[in-house]
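Everything on this sheet refers to the single structure shown next.
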Amino acid sequence: MNSYQRTMARLAGEPVDRLPAQPILMLLAAKLIGRTYADYVRDYRVCAQGQLNLVEQFGVDMVSLCSDPWREAGDCGTELTFFDAQPPAARQHLLADKSALAQLRMPDPATGPRMGDRINGVRLLREQVGGEVPVLGWVEGPMAEAADLRGLNAILEDLLLDQPFTHDLMNFATEMEVRFAQAQVAAGADMVGIGDAAASLISPELYVRFVLPGEQRLAQAIHEAGAKVRLHICGKTNHLLQHMAKVGADQVELDYPADLTKARAAVGPDVCLLGNMDPVRVVEQGTPEQIKQACAQCHQAAGERYILAAGCEVPPGTPLENVRAMFEYAASTT
């Protein structure tokens, strides 16, 4: 089986030759090819080179265009600062004055410099490994994008104090992400990740009212475009698991504070789970043997329909023998 066949079989609940391994590798991917992270997030050719190197070095079962959360906000007009060894950051949030939402124009993913760069990356990776290794596109979820445009503290206050504005912003974000996701699928993405990190910070009631509808709309649009859906919400999501199960994702990726056993009970037997080793204390700071033990524990907790991954991004300082340990475990089991 190649990586594409292995991944699609696992998603369908069919037999595989070995456990698929798809940890998030971004800063480390740039480091391994001797490029800065500023280069990695600004030039799709560098991103593609980094991902293809991971396939060669470790046999990773997916190449990913996930790099930073500022593609969409950047094309809306947010000014960004880029760094050599960390993700970019906003100089000022575009909707610090929320009245600016009424004048905010919806960017075109195809012509936006940052969204267009990711689309070009999807196209290039599809040309290089399409049909052999699945290509993962990426968009921000409605809560994460609202936080990028408005500011995290501000949107958390808006959820309680200005709910009409919050609905308008979530609707804007969702429509923008639908267009971006569809453009990536058209360019050749086999799957699109929805990263909604900030959603773990809100209550189930607020999640159901303001965030879940947008995530569902995104998942439906991705499926209708012909691709699979991967949902990732950073942080502790135990309080949201029963609602995350309603998004309609093919894969649910869990950060290390979440409970894999509870997640399996919430999403049922037909959804593939990923995660959720502690990226720092286990993957970066543990021994190869400890990492393999953690892999086995996650695998057992998640059950058969599981893909190996850390809880979130593998830190760039992780020893290469620790990275290899994850793939060695994956190669040893189904």
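Every number in this text was worked out from the coordinates using simple rules, so none of it is lab data. Everything numeric here is computed off the predicted structure, so don't read it as measured data. Here the Cβ positions follow ideal geometry from the backbone for every residue, glycine too, while neighbour counts run over all protein chains shown.
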Shape category assigned to region 71-110 from the gyration tensor of Cα positions, a/c cut at 1.5: oblate
Expressed as an acute angle from 0 to 90° and rounded to the nearest 10, what is the orientation of the C-alpha long axis of helix 3-12 relative to the principal long axis of the chain? 70
Let me spell out the model: positive unit charges on the Cβ of Lys and Arg, negative unit charges on the Cβ of Asp and Glu, origin at the Cα centre of region 3-331. What dipole size does that give, in debye rounded to 20? 300
Over region 67-175, what lengths in whole Å, largest first, do the semi-axes of the equivalent ellipsoid take, defined as the square roots of 5 times the eigenvalues of the alpha-carbon gyration tensor? 28, 15, 13
For Gln128, project a label point 7 Å along Cα to C-beta. Then give me every residue of region 27-64 with its amide nitrogen under 12 Å of that point. 30, 33, 44-57, 63-64
Convex hull volume per residue for region 138-213, taking Cα atoms only, in Å³: 78
Could you give the Stokes-Einstein D for the chain in µm² per second, using the C-alpha Kirkwood radius, 37 °C, 0.692 mPa s? 166
Taking a point 7 angstrom from the Cα of Ile33 along the C-beta vector, which residues in region 72-87 have backbone N less than 18 Å away? 83-87
Region 166-192-region 236-315 distance, computed between alpha-carbon centres (Å): 25
Counting other C-beta atoms within 10 Å, which of Leu254, Leu65, Leu240, Leu156 has the fewest, and how do the rest follow? Leu156, Leu240, Leu65, Leu254
Lysines with Cα under 26 Å of Lys262, excluding same-chain neighbours fewer than 8 positions away: Lys228, Lys236, Lys246, Lys292
Place +1 on the Cβ of every Lys and Arg and -1 on the Cβ of every Asp and Glu in region 10-51, take the dipole about the Cα centre, and give the residue among Ala38, Leu11, Pro23 whose Cα lies farthest towards its positive end. Ala38
Once fully extended, how much extra length lies between Asp84 and Gln57, figured as 0.36 nm per residue of separation less the alpha-carbon to alpha-carbon distance? 7.4 nm
Between Val208 and Glu289, what FRET efficiency follows from the Cβ-Cβ distance if R0 is 30 Å, with the result rounded to 0.05? 0.10
